[in-house]
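This report concerns only the one structure given below.
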Amino acid sequence: MKRFLSFSVLLALAACGRHEAAPPATTTLPSVTVKVQVARLQPHVAAEEVVGTVRSKLRAQVEAKISGRVLEYTATPGAAVKAGDLLALLENQEIQAKVDQAKALLDQAQRDFARQKELVASNATTRQDFDAADARVKVATAGVHEAETMMGYARVTAPFDGVVTRKLADVGDLAMPGKHLLEMEAPTTLRFEADLPEAILDRITMGAKMQVKIASVAKPLDATVSEIAPVADPVSRTFQVKLDLPAAEGLRTGQFGRVAVPMAEMQLLMVPRASVIKRGQMELIFVVKEGHANLRLVKTGKAINGSIEVLSGLEEGEQVVISDVSKLADGQPVTIQP
């Protein structure tokens with residue numbers, strides 16, 4: 001059976017280098033009624049925390065489908081926009097000329113077709129010429145639709161409801177396919193993205209629930225694994241994992257966070273955090289034994305939900321004082337409150 005040194009014995013050993021002897025204690029301490037809790041082993045799932053970032057599930061880099069100078073730029077970073085709202089307007093003189101040309105060709109083709117229609121009724125033309133005129137009308141109509149569609153591309157609009165996050169161009173800049181004008185995202189649907197080392201990737205599965213801690217959010221969030229990258233990054237040797245986040249006040253894109261990846265279940269000897277007394281570098285608790293509160297030197301570990309792990313100095317089944325610990329003295333008589 002292990003024996004533990006009382007706090008008074010520890011103080012006596014610390015003073016052994018002095019020449020004078022400590023005076024004998026003559027004061028009788030009064031009995032105190034206290035609450036106790038039996039130290040028990042409790043199951044705990046050990047987890048490894050991996051850092052990550054909050055991002056929007058729906059985000060886009062908006063660019064123009066045609067080339068042209070930016071005439072008007074209405075997108076302001078931070079502004080909320082609806083799908084179809086104008087973000088930028090490009091110059092369209094060349095496209096307008098093509099629209100006018102296509103309409104003129106259509107008008108000519110329609111007149112030719114009308115004339116061929118009258119001639120074919122009186123058998124003054126061949127069926128072949130009539131069909132050719134009809135085909136020219138269809139081609140000219142398609143040309144007008146194409147030119148008008150290109151004209152619509154001069155208006156750069158929002159692809160979905162969201163918020164403009166970055167402005168990458170300004171009035172007078174040349175817009176072209178492949179050159180981003182702005183970035184936007186939907187702030188209502190967020191997820192947490194983290195890069196997991198390959199050594200712990202087998203600890204997660206699709207649809208699993210994992211806790212994500214964000215500094216601006218008071219409580220950990222229960223996130224759901226929605227995507228796991230099938231291949232590793234060749235440089236960092238990590239796999240990107242994405243977790244869907246629930247709605248929470250204070251949650252925004254770009255925030256830093258940590259996801260707890262469960263590793264293994266273990267048994268921890270836990271006591272209430274309020275029962276541990278800190279005096280300098282020492283950690284102490286009172287243990288009730290034979291009707292007295294004995295001060296015990298302990299070493300603690302991780303704190304979990306109001307309790308703290310005791311690594312050494314305490315055995316399972318011992319009674320730990322959990323009330324009025326700051327008013328107790330080593331060896332003081334106590335009565336356990338039922």
Handout entry: Filter result for VAL310 (crowded, with 20+ Cβ neighbours inside 10 Å and within 42 Å of the chain's Cα centre (by Cα))
Key = yes
Handout entry: Residue that is least open to solvent (accessible area, probe 1.4 Å), among those in region 136-161 that are assigned to a helix (DSSP H, G or I) and farther than 11 Å from LEU106 by Cα
Key = ALA147
Completion exercise
Over region 41-81, the set of residues closer than 28 Å to LEU245 by Cβ and in contact with a Gly (Cβ under 9 Å, 6 or more places away or on another chain) is VAL51, GLY52, THR53, VAL54, ARG55, SER56, LEU58, ARG59, ALA60, ALA80, VAL81
Problem - Scan of region 112-167 for residues that are within 30 Å of LEU89 (Cβ to Cβ) and either touching an Asp or Glu at 6+ places or on another chain (Cβ under 7 Å) or of a type in the set (Lys, Arg) (or both), ordered by number - result: ARG155, THR157, ALA158, GLY162, VAL163, THR165, ARG166, LYS167
Handout entry: GLU227 being assigned to a strand (DSSP E or B) and within 30 Å of ALA88 (Cβ to Cβ)
Key = no
Practice task
Determine if region 297-309 includes at least one residue that is among the basic types (Lys, Arg) and under 23 Å from GLN332 (Cβ atoms).
Solution key: no
Handout entry: Restricting region 274-290 to residues that are in a strand (DSSP E or B) and open to solvent by 70 Å² or more (accessible area, probe 1.4 Å), the residue that is farthest from SER31 (Cα to Cα)
Key = MET282
Practice task
Report yes if some residue within region 120-132 is over 34 Å from the mean Cα position of the chain (by Cα), modelled with pLDDT of 90 or more and in a helix (DSSP H, G or I); otherwise report no.
Solution key: yes
Completion exercise
Subset of region 111-123, residues in contact with a helix residue (DSSP H, G or I) (Cβ under 8 Å, 6 or more places away or on another chain) and open to solvent by less than 70 Å² (accessible area, probe 1.4 Å), comes to ASP112, PHE113, GLN116, LEU119, VAL120
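Would region 183-198 turn up any residue that is loosely packed, with under 15 Cβ neighbours inside 10 Å and either among the aromatic types (Phe, Trp, Tyr) or modelled with pLDDT of 90 or more (or both)?
no
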Problem - Criterion violated by THR253 - all others in (1) at pLDDT 90 or above; (2) open to solvent by less than 80 Å² (accessible area, probe 1.4 Å) satisfied - result: (1)
Problem - Residue in region 209-221 that is out of contact with any strand residue (DSSP E or B) (no Cβ under 8 Å at 6 or more places or on another chain), under 23 Å from GLU48 (Cβ atoms), surrounded by fewer than 17 Cβ atoms within 10 Å (Cβ to Cβ) and among the basic types (Lys, Arg) present - result: yes
Fill in the blank from the handout: Just one listed residue, out of VAL271, VAL225, is open to solvent by less than 30 Å² (accessible area, probe 1.4 Å), without any contact (Cβ under 8 Å) to a residue 24 or more places away in the chain and under 29 Å from GLN42 (Cα atoms), and it is VAL225
Handout entry: strands (runs of 3 or more DSSP E) (entirely within region 291-338) containing at least 2 residues that are at pLDDT 90 or above and at negative phi
Key = 292-304, 307-312, 319-321
Problem - Residue match in region 290-300 (condition: farther than 30 Å from LEU196 by Cβ and free of Cβ contacts under 8 Å to residues at least 12 places away in the same chain) - result: yes
Fill in the blank from the handout: Inside region 71-106, the number of residues satisfying the requirement of being more than 30 Å from ARG166 (Cβ to Cβ), in contact (Cβ under 8 Å) with a residue 12 or more places away in the chain and open to solvent by 60 Å² or more (accessible area, probe 1.4 Å) is 5
Exercise for the section: Check region 258-267 and report whether any residue there is in a strand (DSSP E or B), open to solvent by less than 40 Å² (accessible area, probe 1.4 Å) and closer than 17 Å to ALA215 by Cα. Expected result: yes
Exercise for the section: Using the structure shown, decide if VAL51 is surrounded by 15 or more Cβ atoms within 10 Å (Cβ to Cβ) and at pLDDT 90 or above. Expected result: no
Exercise for the section: Name, by its number, the condition in (1) surrounded by 14 or more Cβ atoms within 10 Å (Cβ to Cβ); (2) assigned to a loop (DSSP other than H, G, I, E, B) that does not hold for ALA247. Expected result: (1)
Problem - Subset of region 170-182 (residues that are surrounded by 11 or more Cβ atoms within 10 Å (Cβ to Cβ), assigned to a loop (DSSP other than H, G, I, E, B) and not basic (Lys, Arg)) - result: VAL171, ASP173, MET176
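The values are calculated or read from the model by the stated rules, or taken from the named source; none is laboratory data. Source: prediction; values computed, not measured. With ideal geometry, Cβ positions are generated from the backbone for all residues, glycine too; neighbour counts draw on all protein chains shown. Protein only, heavy atoms only, side chains kept; ligands, DNA and RNA dropped before computing areas. Shrake-Rupley method; radii C 1.70, N 1.55, O 1.52, S 1.80 Å.
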